[in-house]
Amino acid sequence: MKKLFLLSVVSLMAMCIYAQNIKVMKFERLEKDMTANTHGTQKLDQNGEKAALIKIQAPERGFTFDGGSLGIVASEEHDGEIWLYVPRRAKKLTIQHKDYGVLREYYYPITVEGARTYEMYLDIGIGRYVTITSQMANSTIYIDGERVGQSPVNHKYLNYGRHTVRALKDRFEGETTFMITTEDAAGLRLINVEQRDMSDHFGDVTVKVDNNAEIWFEGKNVGSGSWQSQLREGSYVVETRKADCDPQKTSFTVVAQKQNNVQAAQPTPHTGRLSLYTRPRNAIATYNGDNAIDLTEAQTLPVGTYQINLARKGYVSKSGLEYTVRHNETTRDTITMEKVRYIKPQSFYFGAGYTISSLGGITALAGLTYRKIDLQASYTFGLQKSEEVAWYSTDGTDTYLSSITYKRSKLAFKLGYQVELTERLGITPQVGYEMERLSGTVAQGTNNYGDGAIANCLSLGAKLLWAPIERVYIFANPAYSIAVNKDDNFKRIADNSDISAGGFMVTLGAIFNF
């Protein structure tokens, strides 16, 4: 009970002391500040009139305000200050804080007008407001080791006691120590820091990092990939950063009047896992070009999007498979590869071969297969000549006219159905229509009799296919043709020579299919 009583007495005494500590150091109107009369920052009191705005500078937060019978319009926390809106013609203000007591009925020293902005400085009784300047303008200011901004630093509230201020700019440095006591004169204290050239204590510094990562020094981004500066002798730390990476810190020491080269550690890439199961296994895989990757087990990769290509002998290759690897996640997929169909049920093809027959020649062909139904067109360019065929007059005198040799060309259309015998062997039974044409060349005489003779035939045969590699067939096409129609010239030639329409033939060659 005694301890509780003593604690209560001490607390009461502290409150009495604090009650006298809150003071208003300055209250004035800001003639050029239009915040209270600007759309977005102005406020209206209960009578619909524009309120006055008091910008309160205070070393602490947690204050409460009482405007008496006229009240308070609003109170807002802003960076470094409190915005207090009061009705126009407000007379007084009570300021209270749970730790620093209360200032009762502070009467404004000037008339408070609506839509005008004012500034108030509060002293909580534990220090003084200080403005810090330096010999070199815009020097970086440190107070007791803490960076507080660039000079001049205006109206910085410092507690009673000893303080050290450093001012740095380029190679100029300065430091001063001062005391703030209760005996100091009321009002603003001015501290000026003298600086001198410290060039002899600086060294040239070049920091480099791979992959063009960002370099951060003292909280600022100073470069990407490399950074050059001059620093005072001592120890420093740079941090490297990059998207989708963990930052890395590198410590280094600067030696005065020397070139200091620093190779900074790269940021560690975020990684994830890629687990792809292929059927069949052991497919050859590459990503983002020709980079090989082993898919027999899950792979740890930097985060990002990967283009995967798969290949395996006897199977259709897959390319452009896209997977995104995310940080600390596993991307999974199962990929089934199709076996290569050497004998393709659907394709477009063309090829060439040699036709072995009486009056054979070179055959060009093209066609398509759809659901194993095969439609083919071909043309045979006759190469072999027939024996000479003698022509005589038909007027009953049997007068000798000319001797002609002939070559046979053939246009054919065939329909078939493809059957796959094995993985690489196929057969296509065919029926078709053929148009044979004889081209004559005069051996003796003057007139080219029978040139252009035509016979029409029906054919029956089969196309045998062997695929040594994908998209290539070696074929043999035996067929037998029966003449169904001949023009008069073809009949006369057939009657007077060993040339006949149709017959047995075999075409041997190669086909390319797509």
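Each value in this text was obtained by applying a stated rule to the coordinates, not by laboratory testing. In this text, all values refer to a predicted model and were calculated from it rather than measured experimentally. Neighbour counts are summed over all protein chains in view; Cβ atoms, including those assigned to glycine, are modelled from backbone coordinates with ideal geometry.
Given Cβ point charges of +1 (Lys, Arg) and -1 (Asp, Glu) and nothing else, what value in debye, to the nearest 20, does the dipole of the chain about its Cα centre take?
Computed about the Cα centre, the dipole is about 1100 debye.
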Based on Cβ point charges of +1 for Lys and Arg and -1 for Asp and Glu, what charge dipole magnitude is obtained for the range 40-95 about its Cα centre, in debye rounded to the nearest 20? 340
Quick one: what are the phi-derived ³J(HN,Hα) couplings along the range 201-215, Karplus 6.51/-1.76/1.60 with θ = phi - 60°, whole Hz, x for glycine and proline? 9, 10, x, 7, 10, 10, 10, 10, 8, 6, 6, 6, 5, 6, 10
Just need the relative contact order of the range 74-159 here, percent rounded to a whole number, with Cα pairs under 8 Å and 6+ apart. 19
Leaving out same-chain residues fewer than 8 places away, which aspartates and glutamates sit with a Cα under 12 Å from that of Lys92? Asp66, Glu105
Between the range 189-237 and the range 106-126, what is the C-alpha centre distance in whole Å? 43
Among Gly289, Thr363, Met337, whose Cα projects farthest towards the positive end of the dipole of the range 282-382, with charges put on the beta-carbon of Lys, Arg (+1) and Asp, Glu (-1)? Thr363
For the range 47-93 and the range 371-404, distance of Cα centres in Å: 117
So for the range 83-167, using the alpha carbon gyration tensor with a ≥ b ≥ c as root eigenvalues (a/c under 1.5 gives rounded; past that, a/b versus b/c decides prolate or oblate), I'd call it oblate
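Given +1 on the Cβ of Lys and Arg, -1 on the Cβ of Asp and Glu, and no further charges, what dipole in debye does the range 329-409 carry about its Cα centre, rounded to the nearest 20?
Magnitude of the dipole: close to 480 debye.
In percent, how large is the relative contact order of the chain, given Cα pairs closer than 8 Å and 6 or more residues apart?
After rounding, I find 7 percent.
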Among Ala476, Asn489, Phe65 - extreme Cα towards positive end, dipole of the chain, charges at beta-carbon: Phe65
Using alpha-carbon positions, what is the distance between the centroids of the range 239-267 and the range 436-495, in Å? 84
Which angle from 0 to 90°, rounded to the nearest 10, does the C-alpha axis of helix 2-19 make with the longest principal axis of the chain? 90
